[in-house]
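Trainee: Sharing a structure, written as structure tokens. Questions coming.
The values are calculated or read from the model by the stated rules, or taken from the named source; none is laboratory data. Predicted model only: the values in this text are computed from it and were never measured. Here the Cβ is made from the backbone with ideal geometry for all residues, glycine too, and neighbour counts use every protein chain on show. Protein only, heavy atoms only, side chains kept; ligands, DNA and RNA dropped before computing areas. Shrake-Rupley method; radii C 1.70, N 1.55, O 1.52, S 1.80 Å.
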Amino acid sequence: ATRERRLAREAAQQAMALDPFLAEAYATLGYVTVWEGTHAESARLLQRGLQLNPNLANAPRYYSYILAGQGRLDAALEESVRAMDLDPLALANPLALARALSHAQRYSEALKFAEIALRLQVNDAPQGHWGRAEALWGLGRRSEAAEEARVILRQEIRGQGDTEAIWILHQAGFAAEAAAFGRELETKLAAGNYLRGFNLAAIGQNEAAFPL
């Protein structure tokens, strides 16, 4: 992922050098900087992209990630709705909206958009199941949420979404199963990866997770 972000940064910078008014280049560079943690710079780049092209659907979605990380959940929801309105057929948009609605504790609506995402998927990839598991958990439908978590975890281990699925299994009373998935995830994480702490916390090992 780090290499992919570096390549994306280089491509966006080259595109901006050729055309300083290319909105997509600003949005791509803004997305890269989200993951680098430079949120003020990311917000500036994304807002510039939207100035150049107000119909650029990925920019408000990326901006919603920044806002959610800052705890500005209402604003994040507004940006997620905007992205969905601009491009309802892009898989990432109903996924982002489902997550934003869950954060707002509007779980029934979140479930609807998670299921839209599942219908848009061309295969049984885990992304739509992430949103569905979170919404079902919020609705108190724990056994269904646990089954969605299993669907996620039986596929390739991918990272933070998997730690959330492990947490759901553990909280739903399947501690041994959650621990087994946690051990599998642990083998795929490099030393120093922040997800190691998330993984330990997901299976209730909070004291061990805290130093990480």
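Trainee: Can you tell me which residues in the range 63-80 are in contact with an Asp or Glu (Cβ under 7 Å, 6 or more places away or on another chain) and over 18 Å from ALA110 (Cβ atoms)?
Mentor: Correct list: TYR63 only.
Trainee: Go through the range 142-162 and report how many residues are of a type outside the set (Gly, Ala, Ser) and closer than 17 Å to HIS103 by Cα.
Mentor: Looking only at that region, the number is 1.
Trainee: Go through the range 187-197 and give me each residue that's under 23 Å from GLY131 (Cα atoms), part of a helix (DSSP H, G or I) and open to solvent by 50 Å² or more (accessible area, probe 1.4 Å).
Mentor: If the condition is that a residue be under 23 Å from GLY131 (Cα atoms), part of a helix (DSSP H, G or I) and open to solvent by 50 Å² or more (accessible area, probe 1.4 Å), then ARG196 is the only one that fits.
Trainee: Give the residue that is farthest from ASP19 (Cα to Cα), with candidates limited to residues of the range 51-65 that are open to solvent by less than 20 Å² (accessible area, probe 1.4 Å) and more than 11 Å from the chain's Cα centre (by Cα).
Mentor: Among residues in the range 51-65 that are open to solvent by less than 20 Å² (accessible area, probe 1.4 Å) and more than 11 Å from the chain's Cα centre (by Cα), the one farthest from ASP19 (Cα to Cα) is PRO60.
Trainee: Can you find, within the range 14-50, the residue that is modelled with the highest pLDDT among those that are open to solvent by 90 Å² or more (accessible area, probe 1.4 Å) and touching a helix residue (DSSP H, G or I) at 6+ places or on another chain (Cβ under 7 Å)?
Mentor: Among them, the one singled out is PHE21.
Trainee: Out of (1) within 19 Å of the chain's Cα centre (by Cα); (2) on the phi < 0 side of the Ramachandran plot; (3) modelled with pLDDT under 80; (4) open to solvent by less than 30 Å² (accessible area, probe 1.4 Å), what's the single condition that is false for GLY159?
Mentor: Status for GLY159: all satisfied but (2).
Yes/no matrix, rows are residues, columns are (1) open to solvent by less than 10 Å² (accessible area, probe 1.4 Å); (2) assigned to a helix (DSSP H, G or I):
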residue: GLU115; (1), (2): no, yes
residue: ARG132; (1), (2): no, yes
residue: GLU144; (1), (2): no, yes
residue: GLU148; (1), (2): no, yes
residue: VAL151; (1), (2): no, yes
residue: ILE166; (1), (2): yes, yes
residue: HIS170; (1), (2): no, yes
residue: GLY173; (1), (2): no, no
residue: GLU177; (1), (2): no, yes
